[in-house]
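Trainee: What follows is a structure written as structure tokens; I'll ask about it next.
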Amino acid sequence: MNTLYDNFNKILKVLALITVAAFIAAGCQSSTEETQKTADLVYVNWAEGIAYTHLAENVLEEKMGYDVNLTSADVGPAYTAIANGDQDAFMETWLPVLHQNYIERFEEDIVDLGHVYEGTQSGLVVPTYVEVDSISNLNQYTERFDGQITGIDAGAGVMQTTQEVIDEYNLDYELITSSGPAMTAALSSAIENEEPIIVTGWQPHWKFGRWDLKFLKQDEDNMLWERGNIHIMGRQNLEQDKPELAQFLKNMFFTEEQLGDLMVAVEQSDQDVSQVTMEWMNEHEELINSWIPEGAGEMASME
């Protein structure tokens, strides 16, 4: 009897140990899941967004312990991605004009995380050696410009507004779809040969630091472009699901000088954009640290 009783006790002890081990394993897995921090960010292939989105990736990974996934997309798909919850945040919303139609379409499914830059300007841009100064005079020079305005990707707000300008001013011009890099390449080639060219332009952008350019003036009674800000938009429930990430994106902000310096560094370097923004991050610790939510950097160092 004693032998049977002893064996039964041994079995109970083994089962108890297995149960305890299972609870510990489950606890460890739960803890790992809780501490795993991810950020899915979508951006458009525009100079300013490329620069500061990759900078955000560096900060999140190196200083805050995140696993970051970056996705480049056109504007329409970018808004759809955050509205559907497939991405955490879209890094470049231009308000109050260029992206207002997207905001109205998706306003119930996205949340404004604040602006990352103040004082944007967009419009039709020409080199300063071009004699035209105003949009209303463009039809006098249609042949000189081959009746073309060089644009960027079709879904961009500046493209939609440019088409409105063409219609409102009855311009005898065709808006050519391309991309941000293709537009600047065309601009570079024209300036090198001192040829006339009109492009869709916006500030902030490194091209204004590299070349002498000017915005064509609008008529005071027909102002279709306005100054504004660049915002970051998040998916609904981002602040509840990932409060630290949401707060970091809310804290991100550049002055004109800071963002200009970052864009020029990226544009002039032969290095990968991530490497350039990593170096810029290390050279601007005070600014970067002001974006990091309290306690986030400490947790990353502990991990």
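The values are calculated or read from the model by the stated rules, or taken from the named source; none is laboratory data. Not measured: the values here are computed from a predicted model. Backbone-built Cβ (ideal geometry, glycine too); neighbour counts: all protein chains shown.
Trainee: For the subset of segment 127-137 comprising residues that are surrounded by fewer than 23 Cβ atoms within 10 Å (Cβ to Cβ) and hydrophobic (A, V, I, L, M, F, W, C), which member is nearest to Pro96 (Cα to Cα)?
Mentor: Initial filter on segment 127-137 (surrounded by fewer than 23 Cβ atoms within 10 Å (Cβ to Cβ)): 127-134, 136-137.
From the residues that got through so far, the ones that are hydrophobic (A, V, I, L, M, F, W, C) too are 130, 132.
Values: Val130: 30, Val132: 28 Å.
So the residue we want is Val132.
Trainee: If you scan segment 204-237, which residues turn out to be within 17 Å of Tyr117 (Cβ to Cβ), over 14 Å from the mean Cα position of the chain (by Cα), surrounded by fewer than 17 Cβ atoms within 10 Å (Cβ to Cβ) and not small (Gly, Ala, Ser)?
Mentor: Result: Glu226, Arg227.
Trainee: In segment 141-159, what residues are surrounded by fewer than 19 Cβ atoms within 10 Å (Cβ to Cβ) and not hydrophobic (A, V, I, L, M, F, W, C)?
Mentor: Selection gives Tyr141, Thr142, Glu143, Arg144, Asp146, Gly147, Gln148, Gly155.
Trainee: Here's a follow-up. Only one of Ile50, Ile103 is surrounded by fewer than 23 Cβ atoms within 10 Å (Cβ to Cβ) and either at pLDDT below 95 or in the same structural domain as Ile292 (by TED's automatic domain parsing) (or both); which?
Mentor: On the way: Ile50 fails: surrounded by fewer than 23 Cβ atoms within 10 Å (Cβ to Cβ).
None of the other options fit; the residue is Ile103.
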